[in-house]
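The block underneath contains the structure these notes are about, expressed in structure tokens.
The values are calculated or read from the model by the stated rules, or taken from the named source; none is laboratory data. Just so it is clear, the structure is predicted and the values come from calculations on it, not from any experiment. Note that we place each Cβ from the backbone using ideal geometry, even for glycine, and neighbour counts take in every protein chain shown. For accessibility, only protein heavy atoms count, side chains too; no ligands or nucleic acids. Shrake-Rupley method; radii C 1.70, N 1.55, O 1.52, S 1.80 Å.
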Amino acid sequence: MKIATWLRLKMKRSFDRIKNENLKKNLLQAIPFWIASIITGLAAVLYTRLFVAAEHVTLFVFNQHAWFLFILSPVCFVLAWWLVHRFAPYSRGSGIPQVMAAIKLSSPKTNKTIDKLLGLRIILIKVVSSLVMAIGGGAIGREGPTIQISASIYKFVYQVLPAWWPRVAKKNMIVTGAAAGLAAAFNTPLGGIVFAIEELTKTHFSYYKTAIFSSVIIAGLSAQALLGPYLYLGYPKLDGLSGSIFFGVAVVAVISGLLGSAMSKLILMIFDWKARFKFSYHHVLYVITCSLILVLLACFINRDVLGSGKDIMQKTLFTADKYVNWYTPILRIAGPLLSFTTGAAGGIFAPALGAGASIGSLVAGWFKVSDIDTNMLILSGMVGFLTGVTRSPFTSVILVLEMTNRHNVIFHLILAGMVASLVAIVIDKHSLYDHLKVQYIKELNTKEQTEMTEQVDHELTNKTIT
């Protein structure tokens, strides 16, 4: 009897010790995610305020002395491009393809390669270049850059962990960082989670679901602590939609999905053409030309071509000025084309939403629908165009739902996302991000092979001299 009691006590103590050790390990593994989440939330808030201030500078200059943009814009565009070209080539553009490439390449043997995609230098140049572009009137967003910044923060926290710390998978840190970045940028926690599942990774979600959930929540709460529980857009009126609105949603989804995919295709074509440039001054001339065209469009047609496009979303959703001019969608597509292809830092998420909103507003004007139905078509256009660019319909739907807190139209937006995803294939089977991710990986592999060849040649030369 005493032996049986002793065995039970021994087994219980062993089980408790194992349980406590696992708990301690899990807690230590979670702490880096939580620390990085808080830093991400604070960084996102600071970046948001700086970006908004930069856009206000452009608006002030345009309203006071529009002619000065012919000087300011070229200077800002060239400076933004030069910063990226000179100090951090992989900080250019959105940042999401770079994060996707880093996830694809993440392994112990590729630390130096990933350092080119994510890091402290990337953060600094990303922020400065995009802010300079925004001051110059560039039609760029801050959301994609926030994702690369957040992933870089998570990677830095991963790197500074002491050797004795329970190791965390680098890939999980990067994926979680990107999800937290999106959640903090848009104040959309579910959007961050869905984005991680749908866009960033193909591995089984259960391996790091706790890390993503906790990181998204902490990053979002950190941002809300300073900005308040805001919505990215607000509460558009969507009660009492007509029964035939599903037809309008489908029409808007087809148009916006095709145009979103077409814009992505044009961006890729321009990048291919620019790759043939042999000298740096060719790039400088291209950047100056893009900036001048942008200013000409703003001064002589409409200033809607400038900026991220958020003002168009807010104007059409929340004012009596519901309908845009026929050329506004063209401007909102031309703006990102001229800005994104310069090679400076800047995202395409917000510009895509702005372009989609203008398409929805234009179609609503064609059919002369009610204000409530117009709001529905505007949101559908936002989902459709973003889906055409990213090919992530569920991420697009969840983002728009969380930005407006209008979950009663979830079926309408799912229809818009699915229709846009299907028709976008007509233009291209893959998203803009997928194409850019592949280009970055090829570019990095080519550089790595070149560096290895140069190193071998250098060693052989030294041996010959010896």
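Residue-level analysis places ILE270 among those that are in a helix (DSSP H, G or I), open to solvent by less than 60 Å² (accessible area, probe 1.4 Å) and either over 19 Å from ARG391 (Cα atoms) or out of contact with any strand residue (DSSP E or B) (no Cβ under 9 Å at 6 or more places or on another chain) (or both).
In segment 280-294, the residues that are under 19 Å from PRO89 (Cα atoms) and modelled with pLDDT under 95 form Cβ pairs under 8 Å with partners that are not basic (Lys, Arg) and not in a helix (DSSP H, G or I), at six or more places apart or across chains, as follows: HIS283/PHE277; HIS283/GLY343. Within segment 403-445, how many residues turn out to be of a type in the set (D, E, K, R) and in contact with a Leu (Cβ under 6 Å, 6 or more places away or on another chain)? Summing the residues that are of a type in the set (D, E, K, R) and in contact with a Leu (Cβ under 6 Å, 6 or more places away or on another chain) in segment 403-445 gives 1. Filtering segment 157-173 to residues that are of a type in the set (Phe, Trp, Tyr) and without any contact (Cβ under 8 Å) to a residue 40 or more places away in the chain leaves only TRP164.
To keep it simple, each residue is scored yes or no on (1) hydroxyl-bearing (Ser, Thr, Tyr); (2) at pLDDT below 95; (3) touching a Ser or Thr at 6+ places or on another chain (Cβ under 6 Å).
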position: SER370; (1), (2), (3): yes, yes, no
position: MET382; (1), (2), (3): no, no, no
position: THR450; (1), (2), (3): yes, yes, no
position: VAL456; (1), (2), (3): no, yes, no
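Exactly one residue among THR58, THR5 is open to solvent by less than 90 Å² (accessible area, probe 1.4 Å), modelled with pLDDT under 90 and polar (S, T, N, Q), and that residue is THR5. Only one of the numbered conditions (1) at pLDDT 85 or above; (2) among the hydrophobic types (A, V, I, L, M, F, W, C); (3) under 14 Å from the mean Cα position of the chain (by Cα) is not met by MET133, and that is (3). Using the structure shown, decide if ILE123 is open to solvent by 20 Å² or more (accessible area, probe 1.4 Å), within 16 Å of the chain's Cα centre (by Cα) and within 18 Å of THR48 (Cβ to Cβ). Judged against the criteria, ILE123 is a match. Looking at ARG142, ARG86, which is the one that is among the basic types (Lys, Arg), out of contact with any Lys or Arg (no Cβ under 8 Å at 6 or more places or on another chain) and surrounded by fewer than 24 Cβ atoms within 10 Å (Cβ to Cβ)? Unique residue meeting the criteria: ARG86. If only residues of segment 52-109 that are assigned to a helix (DSSP H, G or I) and among the polar types (S, T, N, Q) are counted, the one that is farthest from SER392 (Cα to Cα) is GLN64. Against the list (1) at pLDDT 80 or above; (2) open to solvent by 10 Å² or more (accessible area, probe 1.4 Å); (3) in a helix (DSSP H, G or I), the condition LEU161 fails is (3). Take segment 257-266 and flag every residue that is open to solvent by 10 Å² or more (accessible area, probe 1.4 Å) and of a type in the set (A, V, I, L, M, F, W, C). Across segment 257-266, the qualifying residues are LEU258, LEU259, ALA262, LEU266.
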